[in-house]
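The values are calculated or read from the model by the stated rules, or taken from the named source; none is laboratory data. Given the structure is predicted, the values throughout are model-derived calculations rather than measurements. Note that we place each Cβ from the backbone using ideal geometry, even for glycine, and neighbour counts take in every protein chain shown.
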Amino acid sequence: MQENCAVEMRNITKNFGPVAANSNVSLSIRRGEILSLLGENGSGKTTLMNMLAGIYYPDSGQIFVNGEEVRITSPKDAFDCGIGMIHQHFKLVSVLSAAENVVLGLDGPAVLDIKEVGRRIKEICERYSFSVSPEKKVYDMSVSEKQTLEIVKVLYRGADILILDEPTAVLTPQETEKLFDVLRAMKADGKAIVIITHKLHEVMELADRVAVLRRGEFAGEMMVRDTNPQEMTNMMVGRPISLNIERPDPVDPAERLVIKGLTVVDSEGITKLDNVTFTAMGGEILGIAGIAGSGQKELLEAVAGLQPVKSGSILYTPEDAPPSELVGKTPKQISNLGVSLAFVPEDRLGMGLVGGMGMTGNMLLRSWRRDKGVFIHAKEPSELAQRIKEELEVMTPSVRYPVRRLSGGNVQKVLVGREIASSPSVLMTAYAVRGLDINTSYTIYNLLTSQKMKGVAVIFVGEDLDVLLELCDRILVLYDGKVSGIVDARTADKEQIGLMMTRLSGKGGNADA
């Protein structure tokens with residue numbers, strides 16, 4: 001074992017039934033280094049790190065921490081070994097303060113002295129230039145503050161080996177840079193850091209070394225200074241793929257959705273959208289940017305008839321037909337108007353698909369109302385399911401295999417493929433590539449662009465500003481339910497949009513653009 005090696009995993013194997021999540025994987029994690037763990041969806045990255053964090057236990061293989069073999073059977077064992085994992089979905093109690101969350105689950109009289117806990121938190125924050133108020137309630141925190149608190153929590157417990165799963169998924173560019181500064185400071189302090197991410201430009205900026213998994217096996221490693229995004233992608237996928245997002249100019253764009261003064265208030269009286277006005281054009285991709293909870297979800301659901309609207313207008317304007325007002329109508333009523341609307345929601349299995357059904361059953365959901373009589377005709381949905389499986393390379397044993405058992409990337413392919421197959425004139429997607437590997441992501445980007453070139457109005461809610469700037473024609477920025485501005489994606493830059501997302505700058509296009 002190398003002198004600066006904090007963790008060494010040797011021949012780790014983990015099976016879930018007949019599926020091999022990891023097969024004879026060997027990996028080292030070094031002190032004073034940031035290691036990026038890469039791989040396609042289902043390649044076993046998170047499973048491998050979950051075994052270090054004590055969530056899973058390997059079927060075979062050995063784990064060494066600081067040169068000594070250890071058995072990690074629980075998160076407590078992991079903390080005893082100095083290992084802490086910051087998960088993509090935060091594990092915080094909203095009604096408790098930062099200090100109370102930090103000591104939650106710990107034993108001993110010290111946890112009762114909240115003032116002393118607060119003092120130790122401030123020491124950690126000063127050491128790494130964090131900004132966390134021990135008294136602040138979690139429900140009052142931004143996403144960035146919550147993530148910082150998760151890091152403070154594992155450091156408080158003595159972790160010097162940190163694993164971060166998709167740490168920048170919901171951060172603005174400014175928050176991401178602040179996080180990177182923190183990670184660099186911890187690296188300089190001798191911490192061993194692992195990040196799981198799909199954002200290769202961030203890997204190039206932050207990491208020292210990359211390790212790649214492919215189909216559960218170790219595919220190789222390299223120093224970041226000696227590689228590039230194309231080489232890393234080729235190693236992940238196992239073959240060369242193009243990393244260029246095609247963005248042809250819109251051809252004869254025409255109004256499809258004209259939204260004026262849209263206001264949405266939830267059941268608790270909280271305003272989710274406030275006087276939102278914009279136009280979505282057929283033949284273009286309109287990006288929607290904003291920090292989490294800025295109204296993106298409510299906007300798409302209001303257009304789809306899933307969210308009650310307090311005031312405002314949503315006018316659908318098809319070719320060669322009079323406009324239709326969508327406000328006040330249910331999804332079925334919208335469909336009966338002849339509105340060709342497709343919606344890929346954020347919640348893939350909760351709202352988009354039925355997890356217990358196979359691909360055929362989920363295709364049937366789109367067409368069953370059209371069938372007349374007692375019997376449902378499954379031939380057309382079955383053929384569509386087979387076509388989507390082949391054209392989008394959905395990895396499933398059969399079109400009747402329950403979709404809940406598929407990887408996230410394959411579930412998303414099924415959902416996007418079904419919605420596009422409905423030949424929409426408006427296609428709305430919410431975080432269509434969240435958590436997806438780079439190969440699947442580019443497949444979806446190409447699908448959206450092909451719809452745009454057919455004259456479809458594509459509305460793309462995304463969180464990766466680099467992708468929004470490369471894929472979209474215009475970008476609408478939401479802040480706290482209001483339109484902060486609309487910009488030309490070909491001339492805007494990431495810094496400008498990041499400032500608009502936090503309302504630090506009023507610059508941007510006309511909201512009526």
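So, Gly293, is that one assigned to a loop (DSSP other than H, G, I, E, B), in the same structural domain as Ile459 (by TED's automatic domain parsing), within 26 Å of the chain's Cα centre (by Cα) and more than 30 Å from Thr502 (Cβ to Cβ) or not? Break it down stepwise before answering.
Details: assigned to a loop (DSSP other than H, G, I, E, B): yes; in the same structural domain as Ile459 (by TED's automatic domain parsing): yes; within 26 Å of the chain's Cα centre (by Cα): yes; more than 30 Å from Thr502 (Cβ to Cβ): no.
When the stated conditions are applied, Gly293 does not pass them.
A quick yes/no check of all residues on (1) under 21 Å from the mean Cα position of the chain (by Cα); (2) at positive phi; (3) touching a residue at least 24 places away in the same chain (Cβ under 8 Å); (4) part of a loop (DSSP other than H, G, I, E, B):
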{"residue": "Tyr445", "(1), (2), (3), (4)": "yes, no, yes, no"}
{"residue": "Thr449", "(1), (2), (3), (4)": "yes, no, yes, no"}
{"residue": "Gly455", "(1), (2), (3), (4)": "no, yes, yes, yes"}
{"residue": "Leu468", "(1), (2), (3), (4)": "yes, no, yes, no"}
{"residue": "Ile475", "(1), (2), (3), (4)": "yes, no, yes, no"}
{"residue": "Leu478", "(1), (2), (3), (4)": "yes, no, yes, no"}
{"residue": "Ile486", "(1), (2), (3), (4)": "no, no, yes, no"}
{"residue": "Glu495", "(1), (2), (3), (4)": "yes, no, yes, no"}
{"residue": "Gly498", "(1), (2), (3), (4)": "yes, no, yes, no"}
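With the condition kept exactly as written, say whether any residue in the range 231-241 is assigned to a loop (DSSP other than H, G, I, E, B) and at pLDDT 90 or above. It would help to see each step written out before you state the result.
Residues of the range 231-241 assigned to a loop (DSSP other than H, G, I, E, B): 238-241.
Filter once more, so that each one left must be at pLDDT 90 or above: none.
Taking every residue of the range 231-241 in turn, none turns out to be assigned to a loop (DSSP other than H, G, I, E, B) and at pLDDT 90 or above.
Rundown of residues vs (1) touching a residue at least 24 places away in the same chain (Cβ under 8 Å); (2) under 25 Å from the mean Cα position of the chain (by Cα), yes/no style:
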| position | (1), (2) |
| --- | --- |
| Ser26 | yes, no |
| Leu35 | yes, yes |
| Ser60 | yes, no |
| Ile63 | yes, no |
| Asn66 | yes, no |
| Thr73 | no, no |
| His87 | yes, yes |
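Taking the options Val102, Val138, Val132, Val93, name whichever one is within 28 Å of Ile291 (Cα to Cα) and in contact with a strand residue (DSSP E or B) (Cβ under 8 Å, 6 or more places away or on another chain).
Working: Val102 fails: in contact with a strand residue (DSSP E or B) (Cβ under 8 Å, 6 or more places away or on another chain); Val132 fails: in contact with a strand residue (DSSP E or B) (Cβ under 8 Å, 6 or more places away or on another chain); Val93 fails: in contact with a strand residue (DSSP E or B) (Cβ under 8 Å, 6 or more places away or on another chain).
Sole residue among the options that is within 28 Å of Ile291 (Cα to Cα) and in contact with a strand residue (DSSP E or B) (Cβ under 8 Å, 6 or more places away or on another chain): Val138.
Are there any pairs, at least 6 apart or on different chains, whose C-beta atoms fall under 9 Å, with the first in the range 128-156 and free of Cβ contacts under 8 Å to residues at least 40 places away in the same chain and aliphatic (A, V, I, L, M) and the second surrounded by fewer than 21 Cβ atoms within 10 Å (Cβ to Cβ) and assigned to a helix (DSSP H, G or I), and if so, which?
Val132/Lys122; Val132/Ile124; Val132/Cys125; Val132/Glu145
Output the number of residues of the range 34-47 satisfying the condition of being of a type in the set (Lys, Arg) and either assigned to a loop (DSSP other than H, G, I, E, B) or surrounded by fewer than 23 Cβ atoms within 10 Å (Cβ to Cβ) (or both). Steps first, answer last, please.
Filtering the range 34-47 for residues of a type in the set (Lys, Arg) gives 45.
When the remaining residues are screened for being either assigned to a loop (DSSP other than H, G, I, E, B) or surrounded by fewer than 23 Cβ atoms within 10 Å (Cβ to Cβ) (or both), the result is none.
Count: 0.
For residues in the range 328-356 being touching a residue at least 60 places away in the same chain (Cβ under 8 Å) and farther than 20 Å from Gln451 by Cα, which is surrounded by the fewest Cβ atoms within 10 Å (Cβ to Cβ)?
Residue satisfying both the conditions and the ranking: Leu349.
Would you check which residues across the range 106-141 are part of a loop (DSSP other than H, G, I, E, B), of a type in the set (Ser, Thr, Tyr) and crowded, with 16+ Cβ neighbours inside 10 Å and list them? Outline the logic, then answer.
First, the residues of the range 106-141 that are part of a loop (DSSP other than H, G, I, E, B): 106-108, 113, 129-136, 141.
This time we only want the ones that are of a type in the set (Ser, Thr, Tyr), so: 129, 131, 133.
Passing the criteria: only Ser133.
Of everything in the range 153-178, what is part of a loop (DSSP other than H, G, I, E, B) and modelled with pLDDT of 90 or more? Give them in sequence order.
Passing the criteria: Ala159, Asp160.
Can you tell me which residue among Asn50, Asn41 is at pLDDT below 95, touching an Asp or Glu at 6+ places or on another chain (Cβ under 7 Å) and within 29 Å of Thr440 (Cβ to Cβ)? Give the steps one after another, and end with the answer.
Working: Asn50 fails: touching an Asp or Glu at 6+ places or on another chain (Cβ under 7 Å).
Sole residue among the options that is at pLDDT below 95, touching an Asp or Glu at 6+ places or on another chain (Cβ under 7 Å) and within 29 Å of Thr440 (Cβ to Cβ): Asn41.
Is there any pair with a first residue in the range 166-192 that is in the same structural domain as Asn66 (by TED's automatic domain parsing) and on the phi > 0 side of the Ramachandran plot and a second that is aliphatic (A, V, I, L, M) and buried (at least 17 other Cβ atoms within 10 Å of the Cβ) whose Cβ atoms are under 8 Å apart and which are 6 or more apart or on different chains, and what are they?
Within 8 Å, the pairs are Glu166/Ile196.
Asp266 is checked against (1) touching a strand residue (DSSP E or B) at 6+ places or on another chain (Cβ under 6 Å); (2) outside the structural domain of Lys482 (by TED's automatic domain parsing); (3) surrounded by fewer than 17 Cβ atoms within 10 Å (Cβ to Cβ) and fails just one. What number does that condition carry?
For Asp266, the failing item is (2).
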